[in-house]
Amino acid sequence: MSVKLHALYSDSYVDIGQYRDQHFKGQLGEQEKLLKQSHTLYVGNLSFYTTEEQVHELFSKSGDVKRIIIGLDKVKKTACGFCFVEYYTRADAENAMRFINGTRLDDRIIRTDWDAGFKEGRQYGRGKSGGQVRDEYRQDYDPARGGYGKLAQHRTTEALNSF
Amino acid sequence: MSLMWESMSARLLPEKLTVYTTLVGLLNARNYNFGGEFVEAMIRQLKETLKNNFYNEAVYLVRFLSDLVNCHVIAAPSMVAMFENFVSVTQEEDVPQVRSDWFVYVVLSCLPWVGKELYEKKDVEMDRLLSQIEGYLQRRVKTHVSMLQVWTAEKPHPQEEYLDCLWAQIQKLKKDRWQERHILRPYIAFDSVLCEALQHNLPPFTPPGHMPDAQYPMPRVVFRIFDYTDAPEGPVMPGSHSVERFVIEENLHCIIKTHWKERKTCAAQLLSYPGKNKIPLNYHIVEVIFGELFQLPSPPHIDVMYTTLLIELCKLQPGSLPQVLAQATEMLYMRLDSMNTGCMDRLINWFSHHLSNFQFRWSWDDWADCLSTDQEKPKPKFVKEVLEKCMRLSYHQRIVDLVPATFSALIPAEPVFRYKYADESAASLPGYAISITVGNAIKNRASNEEILTILKEVPNPNQEDDDDEGETFNPLKIDVFLQTLLHLAAKSFSHSFSALGKFHEILKTLTDSDEGKLHILKVVYEVWKNHPQMIAVLVDKMIRTQIVDCAAVANWLFSQDMAHEFSRLFIWEILHSTIRKMNKHVQKIQKELEEAKDKLEKQQHKRVSHGDDEDMDKNSEDEEGQLEEQIERLQEKVESAQSEQKNLFLVIFQRFIMLMTEHLVRCETGSVDISTPWYKNCIERLQQIFLMHHVTIQQYMGTLENLLFTAELDHHILAVYQQFCALQL
C-alpha cells in the first residue's frame, strides 16, 4: 500500500543515478548525501564542438546558471564531450533533470546526472588517451567525438603499420 | 480509514473522480457509518484547504462531494443548501470580486457532474440559484479581462473570461435538460445497489469569512485555438460552449497538474484519456498545453516543461501529433499581429527550442509573407527572434544554411566582438595608444596598481584641465580599459567572467559614480551588440559582483542610446532578469532576518528554562546581545534593500511613462494614429512588468498611485494601471 502511495508523489527524474565517482574522497555515504543536496549536474554525450554558449542557452531554461565548466582532454586541453553545470538553487537543477535531461543539444541526446560538486582536476577526462573513458573502448564511429574509439583507432593503426 | 482517504485523495487524481465516488458509494451502501465518517472527513479537509488558501484543491473537494450525490451518499437537498450558502457570498459587501468569483465558479463547475440530479430533486431552488448567479455575473466588473487575453482580436475565437464561458456552457447544458454524456459514470452500472443506500446530509457549511491576507485565484481567460472546422478527419471537436469542452479541458488540466514532473507518465496519461475515440484528443491536448503555456500572468508550471511534454507526446504519437502541432504553429503564426507580446516571447522560446530537437526542420518558405512587410511588424519580428534563438542553440552558419536565401535579412548577425582599437586604422582615436599599453600590461600580468597608473594617462574628454585627481568620471578611461579587457577575454563566457573577476577592483574604481555605471554598460553593448546573449550574461555577472546596480541597468535599457533596440527580446530578458535578482536579494535578507529572530526567540526560551544556572545565564546574555545586534543590522539591510527595490520599480515605471507620453503627444500634434507596432509593444511591455512582478509591486501601490499613476496621466497609460488594480478586486 505504501509503495503505491509513493507512486502518487513520484519524481523519478530527480532521483540520484547509479554512477559514483571512484575518485571521490570522503566517507561511505557522503557522496550520496552530497548528490542529494547538489546544485551541480554532470552533462554527458556532448559533441566535442558544443560550446559553453550553447550549454548556457539550453540549461538557462530551467533557471539561472551559476557556472559552466567544459570538460577537457587531459593531454590536448580541448573539449572532450562533457561538462558541469552549476545552478544557484537546487530547485533549478531539479527542473533541468526533469526537462532537459534526455533532450537534444547540438542534435545529440544529452544525459544529465547529479554531481557531488566540482573540484579542480575533475574537468579532465580520465581515459588513458586523455579523453573520456567511454571514448577509449567504444566500437562505433562518432564524427562529433573524434571518430572511432581510441582502442579501435590503435588497432587500425597497428594493423596498417604491420602491413 | 485515513489510509483509504489518502490513497483516494481526490486532490491527487481529480480526473478519476467518478471512480472513487463510486467506490465510496458502494462502501456506504454496505456500511452507513463509513459513509458518514468519510463525508465528515471531507468537510474537515475542505475547511482546512479554504483556511490555507488552497482554492484550487478546494474546487475538487466540492466536486467530489457533489458527485457523491450521484452515488447516493449525500442527499441532494443538503448539497443544494451548500451551494446556496456559497452563492450567498455574492451578497457580501466590501470584499474582493475574486472572492465571490471563486464561490460562483465552484458551484457552476460542479453542475456538469451533478446538475441533473439536483434539478430532478430541487428544481425551484436550483432555478433561484442560477438566477442569482446570473445577476451577479451581470454586475461583475470586467476591467481586468483585456490584460489577460492572449490576442487582442475577437476573431476567429473570442477569448472569453472564464466565468462568462462557464456560464454559457451551463446555460446550454440546462437547455439540453442536463443531458451530459461525456463524463464516465461507473456508478450507473451499480445503480441497483446504490439506490438502496441510506444518504447522509451535509452539515450546514458556512463559507469562511474574508480575511485580508486571503489569496483567491486570479481570474483567467479561456484559451481557444481550435474549433470543429480544424480537425479534418475523425471525431468532431465539441463546441466552445458545450459542457463536454469544459469537462475535457478540466480533466486534461488535472492530468498535467498531477503528473507534470514525470513527463513520460504525463504524456501517456494524456494520450490514454478515457473516451478518446469520440473526441479529437490530439487537438484538445495541444490546445490545453498551449493554453497553459500562454496563460497570463504566468504559466502554472515552468515553461520548459511544456516543450519537453510536447516532445514526449510526439514520440508516443509520431504519426499524428506532430501534424497537429504544426497546424497549431501555423495558426499561431497567422495570428501574430494581435498576439500579446509576453505570449509571443514564450512562443519564440518554445518554437526555437522545439526545432532544436528536430534538426530545425521547418517549411520556412510557407512564411515568406513576412519578408514583404516592415521589419517592426510582428511576423518578421517573430521570425527574426526565432532565428536568433535557434542560432544560440546551434551556430551562425547553421542558420544561414537553414533558411531560404530570401530570408537573409532576418538572419541574426554573426556574434563577433567589435573592437574599437583593433588595428592601425584606429590610430587617430584618442585612446588608441593607451589601449595597446594596457593590453600588453594585462597580457604580462601587471598588477592592478600598474594598470591604474597606465590608465591615469588617459585624457578626460569631460574635463578642461589635465588635473585628474579624485574619482571624476572619465568615459574614455572606462572605454579604453573595458574594450581592451573584453577583447582579450572574448573567446568564451568563462574567459570574460574570469576577466571581470580578476580586474574587479579596477572596474569598481572606474564605475564609482552613476555615470560610470551607465557608461560601462554602454561599452559592453558597443563591443558585443552582435551577441546579445553575451551582453545578458555580462550584465548579470556585473550585477552579482556589484560593478553595476539594478537601477543603472534599468536606466541604461531605457536610455536614448538603446531606443533602437527597444522592441528586441533580449532587452526585456535582461530587464526581467534584473528585477528577479533584486527580488531574490530582498527575499534572501528577509529570510536571514527571520532566521535570526527565530534564533533569538529560542535563545530567550532556553534562558528562561535554565534560569538557575549562572554561567549559562552570562553566555546566554552575550549570545542574545550578539543576536540582537545582528538583527538590528539585518533590519537595516532589509530596509535598504527594500528601498532599492522600490526605487528600481519607480525608475522603470517613470521611464515607461516618459516614453509613452512623448509618443502620445507627438502623435497628437501630428494627427497620427497612436497605434504603431512600437506603441503596442511598449504598452504590452508595461503590462508585462505589472503582471510578472505583481506580488512585489503590490507592496508599493500607494507610492505608485501618489507619485506616478495619478489622474493627470494620459488615460491610455492610466488604463494599464487601472486594469492591473482590477485584477485584485
Is one or more of the residues making up the stretch B:329-340 crowded, with 21+ Cβ neighbours inside 10 Å, in contact with a Phe, Trp or Tyr (Cβ under 6 Å, 6 or more places away or on another chain) and either among the acidic types (Asp, Glu) or at negative phi (or both)? yes
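To keep it simple, each residue is scored yes or no on (1) among the polar types (S, T, N, Q); (2) under 30 Å from B:Gln359 (Cβ atoms); (3) over 41 Å from the mean Cα position of the chain (by Cα); (4) surrounded by fewer than 16 Cβ atoms within 10 Å (Cβ to Cβ).
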site	(1), (2), (3), (4)
B:Phe417	no, yes, no, no
B:Pro430	no, no, yes, yes
B:Ser435	yes, no, yes, no
B:Asn440	yes, no, yes, yes
B:Lys443	no, no, yes, yes
B:Lys456	no, no, yes, yes
B:Leu486	no, no, no, no
B:Ser496	yes, no, no, no
Check whether at least one residue in the stretch B:505-515 is in a helix (DSSP H, G or I) and touching a Ser or Thr at 6+ places or on another chain (Cβ under 9 Å), and report yes or no. yes
When you go through (1) touching a residue at least 12 places away in the same chain (Cβ under 8 Å); (2) within 14 Å of chain A (Cβ to nearest Cβ); (3) assigned to a helix (DSSP H, G or I); (4) not β-branched (Val, Ile, Thr) one by one for B:Lys584, which number turns out not to apply? (1)
In the set B:Val114, B:Val95, B:Val124, B:Val141, which member is among the β-branched types (Val, Ile, Thr) and buried (at least 21 other Cβ atoms within 10 Å of the Cβ)? B:Val114
Flag for B:Ser338 being at pLDDT below 95 and in contact with a strand residue (DSSP E or B) (Cβ under 8 Å, 6 or more places away or on another chain): yes
Pairs needed: first member in the stretch A:22-49, closer than 24 Å to A:Ala91 by Cα and touching a residue at least 12 places away in the same chain (Cβ under 8 Å); second member anywhere, aliphatic (A, V, I, L, M) and exposed (fewer than 13 other Cβ atoms within 10 Å of the Cβ); C-beta distance under 7 Å; at least 6 residues apart or different chains. A:Asn45/A:Ile109
Just to verify a result, which residue in the stretch B:375-393, among those that are within 14 Å of another protein chain (Cβ to nearest Cβ) and touching a residue at least 40 places away in the same chain (Cβ under 8 Å), is nearest to B:Leu336 (Cα to Cα)? B:Glu385
Having 1 or more residues that are among the basic types (Lys, Arg) and under 20 Å from B:Glu565 (Cα atoms) is the bar; report the helices (runs of 4 or more DSSP H) wholly within the stretch B:319-406 that clear it. B:341-356, B:378-392
From the option list B:Val537, B:Val548, single residue qualifying as touching a helix residue (DSSP H, G or I) at 6+ places or on another chain (Cβ under 9 Å), surrounded by 14 or more Cβ atoms within 10 Å (Cβ to Cβ) and not in a helix (DSSP H, G or I) is B:Val548
Specify the residue that is surrounded by the most Cβ atoms within 10 Å (Cβ to Cβ); the eligible residues are those in the stretch B:14-55 that are in contact with a helix residue (DSSP H, G or I) (Cβ under 6 Å, 6 or more places away or on another chain) and within 14 Å of another protein chain (Cβ to nearest Cβ). B:Pro14
If I go through the stretch B:290-312 residue by residue, how many of them are away from chain A (no Cβ under 14 Å) and closer than 15 Å to B:Glu262 by Cα? 0
Quick check on the stretch B:668-689: of everything there that is assigned to a helix (DSSP H, G or I) and without any contact (Cβ under 8 Å) to a residue 40 or more places away in the chain, which residue is nearest to the chain's Cα centre (by Cα)? B:Leu686
Do we have B:Ser242 as of a type in the set (Gly, Ala, Ser) and either within 14 Å of another protein chain (Cβ to nearest Cβ) or in contact with an Asp or Glu (Cβ under 8 Å, 6 or more places away or on another chain) (or both) here? no
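The values are calculated or read from the model by the stated rules, or taken from the named source; none is laboratory data. Predicted model, so just to flag it, every value in this text is computed and none were measured. Cβ sites come from the backbone with ideal geometry, for glycine too, and all protein chains shown count toward neighbours.
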